[in-house]
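The values are calculated or read from the model by the stated rules, or taken from the named source; none is laboratory data. Because the structure is predicted, anything quoted here is derived from the model rather than measured. For neighbour counting, all protein chains shown are included, and Cβ atoms are generated from backbone atoms with ideal geometry for every residue, glycine included. The accessibility values were calculated without ligands, DNA or RNA, using every heavy atom of the protein model including side chains. Shrake-Rupley method; radii C 1.70, N 1.55, O 1.52, S 1.80 Å.
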Amino acid sequence: MKDQINKIISDVEKFAITSKEELEAYKLKFLVKKGLVNQLFVDFKNLTNEEKKVIGKDLNILKLKVEQVYLDAQLFLEELKSIDYKSDPLPGYYTEVGSRHPITSIIDEMTLIFERLGFSVSTGPEIEDDWHNFSALNFPDNHPARDMQDTFFVEDDIALRTHTSSVQVRLMEEGTLPIRSIMPGRVYRNEAISARSNCFFHQVEGLYIDKGVSFSDLKQTLYNFVQEFFGQNTRVRFRASYFPFTEPSAEMDIYLGLETESDYRLTKGTGWLEILGCGMVDPNVLENCKIDTSIYSGFAFGLGVDRMAMLKFGVKDLRTFFNSDKRFLEQFSCL
Ligand code: PHE
């Protein structure tokens, strides 16, 4: 009889009840007077007292289990009836699957392009000391970026990094040459929050140091990137600029045209939009990191990821990327 009990338990467990008809079939099979469970109780009467002692407990447990499954299924079908299928998902089948944040997918896309050009990926701490964020990068003591107004200081000489150039310093200090690496990451600046600027944002910076690296290598790398990222026919221009850690320095613009610019804010009526800063690494910086400038030279560049994401996705307000509104983020769930 023990075997029969086990067989019924396994049948009960396998029995799928998803409709009124199946519930009825279950009842007929196991629960009615002529059902399988009751039949066992009939047979039970013919057992010896010794056998009854052993089997009795199992039989009662079986009866309870069969009844419980019936009651649960009944309740489940009752609940199913009250569900509004248009707005409620099926109970038990609903899982929310997250997706990559749009800023992360832009960083991934940029990383893939630079990886194809032979760049590796490096990361570093977001809380940095003065040396890695400023001094090693040739920032004069009185440079405005060192001011409380621009930088979030944690302690006297410790701040939230204002750019990922700090990772470049760490890499150069390691001393393994040549270096061809990009540094994606979050950076912080003490700026008023608006549709176009935030107190934190994301950069992908790049550093290439080797023998005989020239400005034309820098231009070719960036041309290549822009064509891959924005399309083959994207027009670019370089403008002379200034950064303490590069000499000569430049900024690169891409041409967006004026047709799409209804309010003249994006390109300020010129059609051109600045997307990155770049230049040849200043020999002072190389020397700060103990790199022999008679042998090595290099270039560096820094791209703003958030602006790229705004352009690529046509997002007008930077803040929407970071206020965790699911309705906004779900639009990017296919990325
Ligand atoms: N670090 C610069 C910034 O944050 C960008 C940059 C990187 C410029 C490398 C030139 C070379 O604005």
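Residues that are among the β-branched types (Val, Ile, Thr) and under 28 Å from residue 102 (Cα atoms) were ranked within the range 168-224; the one that is farthest from the ligand (Cβ to nearest atom) is 193. Among the residues of the range 225-259, none is identified as within 11 Å of the ligand (Cβ to nearest atom) and more than 29 Å from residue 134 (Cα to Cα).
If we keep just the residues of the range 266-317 that are in contact (Cβ under 8 Å) with a residue 60 or more places away in the chain and among the hydroxyl-bearing types (Ser, Thr, Tyr), which is nearest to the ligand (Cβ to nearest atom)? Top of the filtered list is 297.
Out of all the residues in the range 4-30, which are touching a Lys or Arg at 6+ places or on another chain (Cβ under 7 Å) and more than 11 Å from residue 69 (Cβ to Cβ)? Lay out the reasoning, then the answer.
Of all residues in the range 4-30, those touching a Lys or Arg at 6+ places or on another chain (Cβ under 7 Å) come to 9, 12.
Across the range 4-30, there are no qualifying residues.
Check whether at least one residue in the range 158-166 is assigned to a strand (DSSP E or B), within 11 Å of the ligand (Cβ to nearest atom) and either touching a residue at least 40 places away in the same chain (Cβ under 8 Å) or out of contact with any Gly (no Cβ under 6 Å at 6 or more places or on another chain) (or both), and report yes or no. Within the range 158-166, none of the residues are assigned to a strand (DSSP E or B), within 11 Å of the ligand (Cβ to nearest atom) and either touching a residue at least 40 places away in the same chain (Cβ under 8 Å) or out of contact with any Gly (no Cβ under 6 Å at 6 or more places or on another chain) (or both).
Cβ-Cβ distance below 7 Å, separation of 6 or more or different chains: which pairs start in the range 34-57 with a residue that is in contact (Cβ under 8 Å) with a residue 24 or more places away in the chain and end on one that is of a type outside the set (A, V, I, L, M) and in a helix (DSSP H, G or I)? From the range 34-57, the pairs are 36/29; 36/30; 37/30; 37/63; 40/4; 44/52; 55/2; 55/44. Considered as a group, the residues in the range 1-12 that are open to solvent by 40 Å² or more (accessible area, probe 1.4 Å) and touching a residue at least 40 places away in the same chain (Cβ under 8 Å) include one that is farthest from residue 43 (Cα to Cα), and that residue is 9. Which one of 309, 300 is closer than 26 Å to residue 114 by Cβ and at pLDDT below 95? When all the criteria are applied, what remains is 309. Among the residues of this structure, residue 133 counts as one that is within 13 Å of the ligand (Cβ to nearest atom) and either polar (S, T, N, Q) or touching a helix residue (DSSP H, G or I) at 6+ places or on another chain (Cβ under 8 Å) (or both). Looking for something open to solvent by 20 Å² or more (accessible area, probe 1.4 Å), at pLDDT below 95 and in the same structural domain as residue 222 (by TED's automatic domain parsing) - is there at least one such residue anywhere in the range 274-297? Yes; the residues of the range 274-297 include at least one that is open to solvent by 20 Å² or more (accessible area, probe 1.4 Å), at pLDDT below 95 and in the same structural domain as residue 222 (by TED's automatic domain parsing). Only one entry in 135, 166 is more than 29 Å from residue 318 (Cα to Cα) and of a type outside the set (A, V, I, L, M, F, W, C), namely 135. Would you mind stating whether residue 154 is within 12 Å of the ligand (Cβ to nearest atom) and not in a loop (DSSP other than H, G, I, E, B)? It is false that residue 154 is within 12 Å of the ligand (Cβ to nearest atom) and not in a loop (DSSP other than H, G, I, E, B).
The set of residues in the range 214-227 that are open to solvent by 10 Å² or more (accessible area, probe 1.4 Å), in contact with a strand residue (DSSP E or B) (Cβ under 8 Å, 6 or more places away or on another chain) and under 20 Å from residue 116 (Cβ atoms) comprises 217, 219, 221, 223.
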